[in-house]
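We did not get these values from a lab; they are worked out from the coordinates using the rules stated. Since the structure is predicted, the reported quantities are computational estimates derived from the model, not experimental observations. Virtual Cβ from ideal backbone geometry, glycine too; neighbours counted across all protein chains shown.
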């Protein structure tokens, strides 16, 4: 399971539990937390500590621990801040998530031939230059 497809920690926890056929009680027992605590995660009312997040990742074989910890931390953050917490970019990493509009554009471009895509890229660069020089 690619954890970077999730925008909310609650959704990730639910998906992991369901995929592994675990109840909240069974997951809680494995992580040494209360079942109510798992329920709070899934209702977006609280987030686990970094230690518990690490245990969760180890339990399910998730390598991207930092991303999962960011999801957990962002769980209670305001919407305007959540995206920047979860989808940070470094100089070597592209942004992790795309907006719905960006996805539509990318899908449309991928349906073009190489030649058509090049022509489109030239036009877009021209439009961007024109707008930037206004």
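General observations
- In this simple spin-label approximation, residue 21 and residue 84 carry label points 7 Å from Cα along the Cα→Cβ vector, and these lie 4.5 nm apart.
- Stretch gain in nm, segment residue 76-residue 1, where the contour uses 0.36 nm per residue and the Cα spacing is subtracted: 24.6 nm
- Answer label for Rg/Rh (Cα atoms, Kirkwood Rh) (calculated), chosen among [x] 1.09; [y] 1.14; [z] 0.96: [y]
- What the Cα atoms of region 1-58 give is an Rg and a Dmax of 10.4, 27 Å.
- Largest mean-square fluctuation among 21, 44, 55, in a Gaussian network model of the chain whose springs join Cα atoms under 10 Å apart, belongs to 21.
- Most mobile of 82, 104, 70 in a GNM of the chain (Cα contacts under 10 Å): 104
- For region 3-86, averaging the sequence separation of C-alpha pairs within contact (under 8 Å, six or more residues apart) and dividing by the residue count gives a relative contact order of 31 percent.
- Gap separating the Cα centres of region 60-86 and region 34-50, nearest whole Å: 14 Å
- Only helices enter the 222 nm calculation for the chain: every DSSP H run of n ≥ 4 contributes -39,500 (n - 2.57), and dividing by all residues gives -19500 deg cm²/dmol, rounded to 500.
- Annotation: extensible slack from residue 113 through residue 129 equals 3.3 nm (criterion: 0.36 nm per residue apart, minus Cα-Cα distance).
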